Amino acid sequence: MACKTKKKSLLKKFRLSTSSWVMLHENEAFIRLPNERLIYTSPPRTSFSLQPPSGYSGRESFSLQSNGGLVYLTNQRIVYLPSQPSQGLQSFSAPLLNLHDTHVSAPFFGPNVWTALVHPVAGGGIPSSLPAVQLKMSFKEGGAFDFHSNFERVKERLQQAVETSQAASNSQAARRGQIDYSAIHLEELPAYDSPGHAPAGPNHLSQTSVPQAGSVVRPQDHDELPPPPVEGIATEDRFEPPTEPPPGYEEVQQQSVAHELESRLRSVS
């Protein structure tokens, strides 16, 4: 009896959505897939809308709405969990590579809206007569551009992984687009350094290295170096006044005194 009670309480922690294959957990929001990593979590009160795209002329009516909830971005999919689940919408998920034409709209009034076209997966709760549905999420408390930038970055890595796998292998898994998520690196690329800056770390250029074009080389010591001496002039002989009169100086002085006396005698007589 105790075993049945424990099993029943465990099953209460999981809920299978009627519109997607998300398994929910009381403590961890949802059950991760193998090699799944959480990249971004939106602020609360993010609204959700799923309906046929504009211009759809079919007879199939389909619409899912939620006024508030959380959207999670992982390295494999997006997951939306409404704050108040309904009979029609308990959760929603879509693989990243099934989302196309994604963009953010910033209206003059109201929150920013993230829009995407979703290609449904088989058995996901979306009518098979709909080749695509339009997904809109309004970020009432911000975060639309952060979500979008992270989404585009992760999706680009996934697309590169699929193309590389298809080019390198002819296996059925590669042709079906199956991805080895454990082999995809999602870390940010190192910051770009301009050619005028040397990279930091143990490979930093020494003083004897040749500087790169456009860089300015400065001495490591902050003390100003003395200017080099001018060639042909001894440093200790600079700007010293002469100690002896120039040649003929005394003779000129005597002539000047004689002329002065002669002019005074003439004026007296």
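The values are calculated or read from the model by the stated rules, or taken from the named source; none is laboratory data. All of these numbers come straight from a predicted model, not from anything done at the bench. Every residue, glycine among them, receives a Cβ derived from its backbone with ideal geometry; neighbour counts consider all protein chains shown.
Here are some notes:
- Count of residues meeting criterion [within 12 Å of residue 102 (Cα to Cα), out of contact with any helix residue (DSSP H, G or I) (no Cβ under 8 Å at 6 or more places or on another chain) and among the charged types (D, E, K, R)] in the range 124-159: 2
- Qualifying residue in the range 28-35 (condition: assigned to a loop (DSSP other than H, G, I, E, B), surrounded by 15 or more Cβ atoms within 10 Å (Cβ to Cβ) and in contact (Cβ under 8 Å) with a residue 60 or more places away in the chain): no
- Within the range 110-119, tally of residues that are surrounded by fewer than 18 Cβ atoms within 10 Å (Cβ to Cβ) and either at pLDDT below 95 or not in a strand (DSSP E or B) (or both): 2
- Of residues in the range 62-109 being in contact (Cβ under 8 Å) with a residue 40 or more places away in the chain and among the aromatic types (Phe, Trp, Tyr), the one surrounded by the fewest Cβ atoms within 10 Å (Cβ to Cβ): 62
- Verdict on residue 133 being crowded, with 19+ Cβ neighbours inside 10 Å and of a type in the set (Val, Ile, Thr): yes
- Residue list for the range 52-61, filter: in contact (Cβ under 8 Å) with a residue 12 or more places away in the chain and more than 16 Å from residue 115 (Cβ to Cβ): 58, 60
- Restricting attention to the range 66-109, the residues that are among the aliphatic types (A, V, I, L, M) and either outside any strand (DSSP E or B) or over 26 Å from the mean Cα position of the chain (by Cα) (or both) total 5.
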